[in-house]
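K.L.:
Provided herewith is a single structure, encoded as structure tokens, for subsequent inquiry.
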């Protein structure tokens, strides 16, 4: 979940590293540091806190050089501190390392290294790597790195410098993301593509087991055994501005406003003449008749999108679906065979638990579809089929447009399955197609109401507890709304199936407690109205979203455009995102970087 960056070329390494770390700060912001080859040798500077703290230190005492590595940390082993910040070195500062991931056997290695005379100055697992490389270093950094990683178990992306080799940077990837930007006479490495876009659009995406040696005029790609690998670079079309705020106060606010366009991009090439066209699944069509059930596996926000996918696929396509939290999936001994289609969902495509579930599903013989926002991510490369969400870069830790475009992909997929299985009339498909086509317009209409929700957020921000209720698809949306509020406002909130109120939940309702009730599904609207009246009778302050029947009953009403019930989820969640955003701002929280969280969870 940490972010690493590296540079070798003709520019100031310090400037490139700091700029890259700023673009990667969403991956971790407990501490930051750099190591740069200077005229006086390999110099390390690091500091607890945000990137700005490190920038202030280096502004007063700059490090001059054109090769270096940098890191922004999300703490896993050891509390946030100067000592635990990366880069880490051996006792002689002969080797400097930055690392993203977790070394599972670090305690075993640490004891061995201590027995050999190494002295440790941090609580991290990463420092083991620096000492391990130094223990086998004899003047050949590549050989020492290859030797060291053969003894390491776990997930890691590494960038390594040696004091005696000031013209060489070595990087390794194993289960943690890493990309290399290939410029003109320069190379930039980073955990994520936005950090390299100011310098080049040509990118080499590393795969597990890759070792790369970078010098000022060459790049050599090999495996851990030393065999040369040939791999063509990818050209990235993203606009650099899409990774900047463009005048918005926060990335999250910008990304919420980008949702209508993200919907259009996700649907643009997949809807034609009243039909859903998923060319990415052309190879899957032949095996579709053999599919008897579907498993959807994901974490966090992606899991909530999976809950919506389950209901859409079962309702529209008639295929039974199970949804699992990825961290639980492989430990419950899931029943998987050649008739099971496993769909893994991950915004980053690097989520460790989701990757592990994908590999377990493939090991058991299932065909795997990945739904992700990152074209060259691990899940995209390892899955049999891929549907990209086309949301563009998402920087804020709390996901908004990546989540809603996952929902849109599931809407497209459910219709495509029904269409290919010929279980619905073409006229019915066309009605759904038209409803999908209108989603971007409806989403823009919802966004125009956003300023009105500030007053609702103001009232919510004064409370310690908030509850969300809904039925069916609305219950799935309620869970995402609750998560957003918790993530960034730090207000305790819970989402409940409205029909469960009498089974204990009503005990939590007291005078003035905010309850956000979603009622967009016509078949359960009357029952939702009864549930709303139940909580009002116990003194709840009710914010209603959806059906016009709520107007005049609830304390605050949020209208959303009318659409087919099955597709309302892509609209009803937007007000919940804004209420969470405004509440967090009112409470003075760092919206884009909520405490204890990072954007991409690349460790289990």
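The values are calculated or read from the model by the stated rules, or taken from the named source; none is laboratory data. It should be emphasised that the depicted structure is a prediction, and the values quoted were computed from it without experimental measurement. Neighbour counts are summed over all protein chains in view; Cβ atoms, including those assigned to glycine, are modelled from backbone coordinates with ideal geometry.
K.L.:
Among the residues of the stretch 314-344, count how many are closer than 17 Å to residue 473 by Cα and either assigned to a helix (DSSP H, G or I) or free of Cβ contacts under 8 Å to residues at least 60 places away in the same chain (or both).
P.N.:
Within the stretch 314-344, residues that are closer than 17 Å to residue 473 by Cα and either assigned to a helix (DSSP H, G or I) or free of Cβ contacts under 8 Å to residues at least 60 places away in the same chain (or both) number 9.
K.L.:
Turning to a different aspect of this structure: Could you list, in sequence order, the residues of the stretch 385-395 that are under 13 Å from the mean Cα position of the chain (by Cα) and modelled with pLDDT of 90 or more? Quick ask: steps written out before the conclusion?
P.N.:
Taking the stretch 385-395 as the starting set, the residues that turn out to be under 13 Å from the mean Cα position of the chain (by Cα) are 389, 391-395.
Within the stretch 385-395, just 389 meets the criteria.
K.L.:
Let me ask something else about it. Since residue 140 meets every condition but one in (1) more than 25 Å from the chain's Cα centre (by Cα); (2) surrounded by 24 or more Cβ atoms within 10 Å (Cβ to Cβ); (3) farther than 21 Å from residue 13 by Cβ, which condition does it not meet?
P.N.:
Among (1) more than 25 Å from the chain's Cα centre (by Cα); (2) surrounded by 24 or more Cβ atoms within 10 Å (Cβ to Cβ); (3) farther than 21 Å from residue 13 by Cβ, residue 140 violates only (2).
K.L.:
Can we say residue 255 is surrounded by 15 or more Cβ atoms within 10 Å (Cβ to Cβ), modelled with pLDDT under 90 and either more than 26 Å from residue 25 (Cβ to Cβ) or not assigned by TED's automatic domain parsing to the domain that holds residue 165 (or both)?
P.N.:
On the way: surrounded by 15 or more Cβ atoms within 10 Å (Cβ to Cβ): yes; modelled with pLDDT under 90: no; either more than 26 Å from residue 25 (Cβ to Cβ) or not assigned by TED's automatic domain parsing to the domain that holds residue 165 (or both): yes.
It is false that residue 255 is surrounded by 15 or more Cβ atoms within 10 Å (Cβ to Cβ), modelled with pLDDT under 90 and either more than 26 Å from residue 25 (Cβ to Cβ) or not assigned by TED's automatic domain parsing to the domain that holds residue 165 (or both).
Conditions tested, residue by residue: (1) within 20 Å of residue 593 (Cβ to Cβ); (2) touching a helix residue (DSSP H, G or I) at 6+ places or on another chain (Cβ under 6 Å); (3) not assigned by TED's automatic domain parsing to the domain that holds residue 397.
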{"site": "13", "(1), (2), (3)": "no, no, yes"}
{"site": "16", "(1), (2), (3)": "no, no, yes"}
{"site": "19", "(1), (2), (3)": "yes, no, yes"}
{"site": "31", "(1), (2), (3)": "yes, no, yes"}
{"site": "60", "(1), (2), (3)": "no, no, yes"}
{"site": "79", "(1), (2), (3)": "yes, no, yes"}
{"site": "94", "(1), (2), (3)": "no, yes, yes"}
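K.L.:
Just checking: which of the strands (runs of 3 or more DSSP E) contained wholly in the stretch 172-285 hold 2 or more residues that are under 23 Å from the mean Cα position of the chain (by Cα) and closer than 30 Å to residue 431 by Cβ?
P.N.:
On the way: elements: 179-182, 187-190, 202-205, 210-214, 219-223.
Of the strands (runs of 3 or more DSSP E) lying wholly inside the stretch 172-285, none has at least 2 residues that are under 23 Å from the mean Cα position of the chain (by Cα) and closer than 30 Å to residue 431 by Cβ.
K.L.:
Answer yes if at least one residue in the stretch 356-366 is closer than 16 Å to residue 406 by Cα and buried (at least 24 other Cβ atoms within 10 Å of the Cβ), and no otherwise.
P.N.:
Here is the first cut: in the stretch 356-366, the ones closer than 16 Å to residue 406 by Cα are none.
Scanning the stretch 356-366 turns up no residue that is closer than 16 Å to residue 406 by Cα and buried (at least 24 other Cβ atoms within 10 Å of the Cβ).
K.L.:
To continue, here is another question. Any residue in the stretch 231-238 that is under 20 Å from residue 25 (Cα atoms) and modelled with pLDDT under 90?
P.N.:
Scanning the stretch 231-238 turns up at least one residue that is under 20 Å from residue 25 (Cα atoms) and modelled with pLDDT under 90.
K.L.:
Follow-up. Going residue by residue through the stretch 350-364, is there one that turns out to be closer than 26 Å to residue 263 by Cα, assigned to a loop (DSSP other than H, G, I, E, B), touching a residue at least 40 places away in the same chain (Cβ under 8 Å) and within 12 Å of the chain's Cα centre (by Cα)?
P.N.:
Yes; the residues of the stretch 350-364 include at least one that is closer than 26 Å to residue 263 by Cα, assigned to a loop (DSSP other than H, G, I, E, B), touching a residue at least 40 places away in the same chain (Cβ under 8 Å) and within 12 Å of the chain's Cα centre (by Cα).
K.L.:
Condition test on residue 588, is it out of contact with any helix residue (DSSP H, G or I) (no Cβ under 7 Å at 6 or more places or on another chain), modelled with pLDDT of 90 or more and at positive phi? Explain how you work it out, then say what you get.
P.N.:
On the way: out of contact with any helix residue (DSSP H, G or I) (no Cβ under 7 Å at 6 or more places or on another chain): yes; modelled with pLDDT of 90 or more: yes; at positive phi: yes.
Criteria met by residue 588.
K.L.:
Does residue 527 fit the bill of being free of Cβ contacts under 8 Å to residues at least 24 places away in the same chain and either on the phi > 0 side of the Ramachandran plot or part of a helix (DSSP H, G or I) (or both)?
P.N.:
Working: free of Cβ contacts under 8 Å to residues at least 24 places away in the same chain: no; either on the phi > 0 side of the Ramachandran plot or part of a helix (DSSP H, G or I) (or both): yes.
The answer is no for residue 527.
K.L.:
Next question. Looking at residue 174 and the list (1) surrounded by fewer than 22 Cβ atoms within 10 Å (Cβ to Cβ); (2) farther than 19 Å from residue 88 by Cβ; (3) in contact with a strand residue (DSSP E or B) (Cβ under 7 Å, 6 or more places away or on another chain), which single condition is not satisfied?
P.N.:
Here residue 174 clears every test but (2).
K.L.:
Continuing with this model, one more query. With respect to the numbered conditions (1) modelled with pLDDT under 95; (2) under 25 Å from residue 9 (Cβ atoms); (3) touching a helix residue (DSSP H, G or I) at 6+ places or on another chain (Cβ under 6 Å), which one is the sole condition not fulfilled by residue 100?
P.N.:
(3)
K.L.:
Where residues in the stretch 292-313 are touching a helix residue (DSSP H, G or I) at 6+ places or on another chain (Cβ under 6 Å) and not in a helix (DSSP H, G or I), which of them is surrounded by the most Cβ atoms within 10 Å (Cβ to Cβ)?
P.N.:
Taking the stretch 292-313 and keeping what is touching a helix residue (DSSP H, G or I) at 6+ places or on another chain (Cβ under 6 Å), we get 296-299, 301, 304-305, 307-309, 311-313.
Of the ones still in play, those that are also not in a helix (DSSP H, G or I) are 296-299.
On the way: 296: 27, 297: 30, 298: 28, 299: 24.
If we take residues in the stretch 292-313 being touching a helix residue (DSSP H, G or I) at 6+ places or on another chain (Cβ under 6 Å) and not in a helix (DSSP H, G or I), then 297 is surrounded by the most Cβ atoms within 10 Å (Cβ to Cβ).
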